[in-house]
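Below is one structure, written out as structure tokens; the observations come after it.
The values are calculated or read from the model by the stated rules, or taken from the named source; none is laboratory data. Predicted model, so just to flag it, every value in this text is computed and none were measured. Note that each Cβ is placed from the backbone with ideal geometry, even for glycine, and that neighbours are counted across all protein chains shown. SASA here: full protein model, heavy atoms, side chains in, ligands and nucleic acids out. Shrake-Rupley method; radii C 1.70, N 1.55, O 1.52, S 1.80 Å.
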Amino acid sequence: ALLDVASMHPTSIECLNLFGKEYTKNFSDLKSARLAIKHKDFASARKMLGGRLAPYLRDEQDAEALSYALKIVINIVYGLTSAKFDNKFRDKRNRDNIVAKRGALFMIDLKHFVQERGFTVAHIKTDSIKIPNATEEIIRDVMLFGEKYGYTFEHEATLSDFCLVNDAVHIAKYGWAEKASKIGKWEAVGAQFQHPYVYKTLFSHEGIVFDDLCETKQVAKGGMYLDFDS
């Protein structure tokens with residue numbers, strides 16, 4: 001089971017009341033609107049933020065673009081809270097990114113919580129956890145555990161196959177997913193499995209085209225020497 005925290009860093013900002021009562025509420029309203037659109041609750045989204053979003057929610061394509069725009073704004077605000085330069089969202093006392101630290105400490109607690117219940121934590125990162133052989137009970141318990149800290153977990157997918165190479169690189173096949181278009185498909189994270197020739201040959205079994213055999217390299221400094229005779 002792949003369980004993902006909905007808007008972890010924005011939620012941490014809310015829980016910490018990072019901008020004070022008035023301005024944290026404004027930030028929360030942006031997050032709520034984005035989540036409403038993500039879950040296709042357009043009726044609620046049209047009423048949020050004083051109805052300002054209604055003109056941009058005429059159809060699903062508009063909604064997807066608006067959801068992405070709100071996500072970018074929310075992420076930028078989070079980034080500015082721990083920026084090295086002074087800005088309206090940065091508190092000088094925030095020396096070690098208190099927002100990310102709250103989430104990281106929660107995920108450590110969650111890992112121990114799941115392990116103490118006899119389950120393996122195959123992979124855990126900033127805002128998601130993968131639990132092999134997950135039962136409905138452990139999924140419910142993880143969701144309830146998150147609620148105690150103000151976080152909302154979503155059962156994003158169930159993976160039928162999963163190969164983890166290191167802390168970040170992995171390949172997984174979706175047995176079930178919130179987005180139906182993903183079901184039965186492989187998703188690669190990290191360059192190793194994303195290489196088109198590797199991905200198509202080992203996993204998707206799509207036909208190989210010329211571009212799949214090409215390599216693109218970038219040289220930041222100095223030059224690149226190509227030996228065509230070796």
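Structure notes:
- Between 0 and 90°, nearest 10: helix 20-38 axis offset from the chain longest Cα axis: 50 degrees
- The spread of Cα positions in region 1-116, taken along each principal axis and listed from longest to shortest, comes to 43, 41, 22 Å.
- If you sort R95, R46, R140 by accessible surface, 1.4 Å probe, largest first, the order is R95, R140, R46.
- Sorting K31, K21 on solvent-accessible area from highest to lowest, probe radius 1.4 Å, gives K21, K31.
- Taken along its principal axes, the alpha carbon cloud of the chain reaches lengths of 67, 49, 43 Å, longest axis first.
- Expressed as a whole percent, the accessible area of the chain that falls on carbon and sulfur atoms is 53 (1.4 Å probe).
- Its Cα gyration tensor gives region 143-189 an equivalent ellipsoid; the semi-axes, largest first and in whole Å, are 24, 16, 8.
- Residues of type aspartates and glutamates that K217 reaches as a straight line, Cα spacing below 20 Å, ignoring anything fewer than 8 places off in the same chain: D227, D229
- 3J(HN,Hα) from dihedral phi, region 73-89, Karplus parametrisation 6.51/-1.76/1.60, rounded to Hz, x for glycine, proline: 4, 4, 5, 5, 4, 4, x, 5, 5, 10, 5, 7, 9, 6, 7, 5, 9
- Taken one residue at a time, the phi angles of region 93-104 give Karplus couplings (6.51, -1.76, 1.60, θ = phi - 60°) of 6, 7, 8, 9, 6, 4, 5, 5, 5, 4, x, 5 Hz. Gly and Pro are set to x.
- CD proxy at 222 nm, helix term only [per DSSP H run n ≥ 4: -39500 (n - 2.57); per residue of the chain; nearest 500]: -13000 deg cm²/dmol
- Taking all protein chains as shown and a probe of 1.4 angstrom, K71 keeps an accessible surface of around 90 Å².
- Sequence of K200, K88, K25, K47 when ordered by accessible area, the most exposed leading, probe 1.4 angstrom: K88, K47, K25, K200
- Three-way shape call for region 70-202 based on the alpha-carbon gyration tensor, with the a/c threshold at 1.5: oblate
- Computed from the C-beta positions of A43 and E147, the FRET efficiency with R₀ = 35 Å rounds to 0.90.
- FRET efficiency for D161 and Y23, using Cβ-Cβ distance with R0 set to 41 Å, rounded to 0.05: 0.35
- With DNA, RNA and ligands ignored, accessible area of K40 (1.4 Å probe; Å², nearest 10): 120 Å²
- Estimated inter-spin distance, A69 and D211, nm [label 7 Å along Cα→Cβ]: 2.9 nm
- Interchain or long-range residues, amide H under 5 Å from T152's placed H: A6
- Region 153-228: chymotrypsin sites (Phe, Trp or Tyr not before Pro) in DSSP loop, at most 11 other beta carbons within 10 Å: Y225, F228
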